[in-house]
Amino acid sequence: MLNRLEMLRIFVAAAEARSFKEAAVRLRISPQAVTRAVQDLEAAQGELLFHRNTRGIQITTYGEHLAAQARDSVQRVDALFQPPAEAATAQMEGLVRLTAPVALGRMLMLPLLSALSGDHPLLRFDVQFSDTHADVVDDRIDIGVRFGSMRDSRYVARSVAPQPFRTVGTPELIARHGKPKSIEQLHDLPTTSLRDHSTGKAWPWYFAGGQHISPLNPRFLSSDSEAEFDAVMAGMGFGQLPGFMADPHIASGRLVPVLQKHQPEPWDIYVYRPQRGPVPARIRLVFDQLVARLAS
């Protein structure tokens, strides 16, 4: 039987790979050695760690939890044997799972992950972009980004930047239909809306004093925030967009803000992670870099 540390090291590689063969290539050992190590660990744990079939492998729920613990344990043991100077400059290595709203993730998160991958080529990222809030505890996500308040004690959360919301339209749209003079007039004008996956309904538009409406007959309704943004930019209707999407185009004149006296209070952007045990260095690095990036 392999020593326990090496068994865990092989198991972690298998958990992060699509097949035992891929894990074997990464570790430069035979696929049979990976299979034996996994079987030995299953026997020691008394639990099935992978479902096997002709199409490949799929890690079990128990295996997912064990892999998270094993990954951090292996890295801490490896760090003990690094000389201090080498440890200070060691490359970050391993998988980081992240989630964020679609547009924010593509526009603000991806450039940071690209820069990090250049500085730390052994880092790998599994990214889930969705405009529906993800539960990082249930979905086994390492780091999440979201709009709105965070009051869940299961998370460590950092408020990084207040984000305004702008109600906007193109100059061409305003030339055809005029500017809305009241919030209620939006019901009679062409608008765009973003569908909430969890309810199937359109997200409401928010305004000062806690007012909110859902335009009755949006000309364009989508579950994709980038598609809605494209529709607004094409002049299909007035839309309500976060500042990081709207402000550059307001500055260039391609969008015009309307109902400015009714603009809602900004929402905070939060970077958060589960409240669970020691934080691996790679998770802390990405978390801290995201906080710094989004705060700026």
Checklist outcome for this item: Per the filter on region 1-40, residues exposed (fewer than 14 other Cβ atoms within 10 Å of the Cβ) and farther than 20 Å from G94 by Cβ are M1, N3, S30, Q32, Q39
Item to check | The lone exception for D131 - which of (1) surrounded by 14 or more Cβ atoms within 10 Å (Cβ to Cβ); (2) at pLDDT 90 or above it fails | outcome: (2)
Checklist outcome for this item: The one condition Q275 fails out of (1) touching a residue at least 40 places away in the same chain (Cβ under 8 Å); (2) outside the structural domain of A100 (by TED's automatic domain parsing); (3) not aliphatic (A, V, I, L, M) is (2)
Item to check | Cross-chain or 6+ apart pairs with Cβ under 6 Å, region 125-137 first and over 20 Å from I283 (Cα atoms) and not assigned by TED's automatic domain parsing to the domain that holds T61, then among the acidic types (D, E) and at pLDDT below 85 | outcome: none
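Within region 244-259, can one find any residue that is assigned to a loop (DSSP other than H, G, I, E, B), touching a strand residue (DSSP E or B) at 6+ places or on another chain (Cβ under 7 Å) and not aliphatic (A, V, I, L, M)? If you could, list the steps in order and put the result at the bottom.
Looking only at region 244-259, we keep the residues that are assigned to a loop (DSSP other than H, G, I, E, B), and these are 253-255, 258-259.
Of the ones still in play, those that are also touching a strand residue (DSSP E or B) at 6+ places or on another chain (Cβ under 7 Å) are 255, 258-259.
Okay, now just the ones that are also not aliphatic (A, V, I, L, M), so none.
Scanning region 244-259 turns up no residue that is assigned to a loop (DSSP other than H, G, I, E, B), touching a strand residue (DSSP E or B) at 6+ places or on another chain (Cβ under 7 Å) and not aliphatic (A, V, I, L, M).
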Item to check | Single residue of region 158-182 satisfying the filter (modelled with pLDDT of 95 or more and among the hydrophobic types (A, V, I, L, M, F, W, C)) that is surrounded by the fewest Cβ atoms within 10 Å (Cβ to Cβ) | outcome: A175
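The values are calculated or read from the model by the stated rules, or taken from the named source; none is laboratory data. As the structure is a computational prediction, the values presented were derived from the model and not from experiment. Heads up, the Cβs are rebuilt from the backbone with ideal geometry, glycines too, and the neighbour counts pull from every protein chain shown.
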